[in-house]
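Quick note: the coordinates plus some simple rules give every number you see, no bench work behind them. A quick note: this is a predicted structure, and the numbers were derived from the prediction, not measured. So basically every Cβ, Gly included, is an ideal-geometry build from the backbone, and we count neighbours across all protein chains shown.
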Amino acid sequence: MRPSVFVAGRSPIRDVADDRFRLLAAFVEAVRPRSARLASLIERAALVDASDVRIEIGFDARSFEAGLLSDPDTQSLIASVAEQHLGATGRVELCDIPNDSSIPTLAKLVTEAGQARRDEVDAELRGHPLVQAAVTHLGAELRSVRLPKDVDAAPISLDDARARRLAQRG
């Protein structure tokens, strides 16, 4: 079953604690071995709804991403993965969602969690007793911190990303 054409009138899920994000994340991971590019694209979609047999995502219908998702080959690939991952009646529906930077997406959650991880490492380094001693006793100034590459190498799980986002809200 091909993804339906973009339909209007639906609202995205704005609560990152909503468990339907897990269903979308699992679908993205099912897509990734077949097309990393498509998986990355779906990670940037607004989640509208999700169940064990249906995933509803949205982009602005005039966006570059919507154009890519409208391609017949892309639609066939999405339909194939939906059938394998969600079952014979599984489907992915596409919605027209106006651009709004406040709408959470999987990509935003992971990016924010990665930045939070880098900020934590930076703060830990700046607060290290040896660094503090150099600043206090030697008059040193810490202008920037270059973090090791492995700080970004560890994958960030959806649960970690959601927990960090919820913790930021306070």
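What whole-number value in cubic angstrom gives the convex hull volume per residue for the C-alpha atoms of segment 20-96?
Spelled out: Cα convex hull of segment 20-96, divided by residues, is 73 Å³.
Relative to the Cα centre, what is the charge dipole magnitude of the chain, using +1 at the beta carbon of each Lys and Arg, -1 at the beta carbon of each Asp and Glu, and rounding to the nearest 20 debye?
Working: 23 positive and 26 negative charges, 41 e Å.
Dipole size: approximately 200 debye.
Could you give the angle, 0 to 90 degrees to the nearest 10, between helix 158-169's Cα long axis and the longest principal axis of the Cα atoms of the chain?
The angle comes out at about 60 degrees.
Using all C-alpha to C-alpha distances in segment 1-152, build P(r) with 5 Å bins and read off the rounded percent in each one.
2, 9, 16, 18, 15, 9, 7, 6, 6, 5, 4, 3, 1, 0
If one takes the longest principal axis of the Cα atoms in the chain, at what angle in degrees, from 0 to 90 and to the nearest 10, does the Cα axis of helix 129-138 lie?
Computed tilt is about 50 degrees.
Which percent, nearest 5, of DSSP beta bridges in the chain are antiparallel?
Around 35 percent of the beta bridges assigned by DSSP in the chain are antiparallel ones.
At q = 0.11, 0.12, 0.14, 0.20 Å⁻¹, what log₁₀ I(q)/I(0) does segment 79-170 have when each alpha carbon counts as one equal point scatterer in the Debye sum?
-0.56, -0.63, -0.76, -1.05
To the nearest 500 deg cm²/dmol, what mean residue ellipticity at 222 nm is calculated for the chain from DSSP H runs of n ≥ 4 alone, each contributing -39,500 (n - 2.57), summed and divided by the residues? It would help to have the intermediate numbers written out before the result.
Details: 8 runs with 88 residues, N = 170.
Value at 222 nm, helices only: -15500 deg cm²/dmol.
Of the options Leu86, Leu24, Pro129, report the single residue whose Cα projects farthest towards the positive end of the charge dipole of the chain (beta-carbon charges: Lys, Arg +1; Asp, Glu -1).
Pro129
Tally Lys and Arg at +1 and Asp and Glu at -1 over the other residues with C-beta under 15 Å from the C-beta of Ser35: what net charge comes out? Before the final figure, lay out the partial values.
Details: positive: Arg32, Arg34, Arg37, Arg44; negative: Glu29, Glu43, Glu65, Asp71, Asp73.
That works out to -1.
All other residues with a Cβ under 15 Å from the Cβ of Ala50 taken together, and with Lys, Arg as +1 and Asp, Glu as -1, what is their net charge?
Numbers: positive: Arg10, Arg14, Arg20, Arg22, Arg54, Arg91, Arg162; negative: Asp15, Asp18, Asp19, Glu29, Glu43, Asp49, Asp52, Glu56, Glu93.
Spelling it out: positives minus negatives among the neighbours equals -2.
May I ask you to derive the FRET efficiency for Asp52 and Lys149 from their Cβ-Cβ distance with R0 = 45 Å, giving the value to the nearest 0.05?
Values: r = 39 Å, r/R0 = 0.86.
Using R0 = 45 Å, I get an efficiency of 0.70.
Under a point-charge model restricted to the Cβ atoms of Lys and Arg (+1) and Asp and Glu (-1), what is the dipole moment magnitude of segment 106-169 relative to its Cα centre, in debye to the nearest 20?
For segment 106-169, the charge dipole is close to 200 debye.
Find out how many positive minus negative residues lie around Gly127, taking Lys and Arg as positive, Asp and Glu as negative, among other residues whose Cβ is under 14 Å from that of Gly127.
Counting the neighbours of Gly127, the net charge comes to -3.
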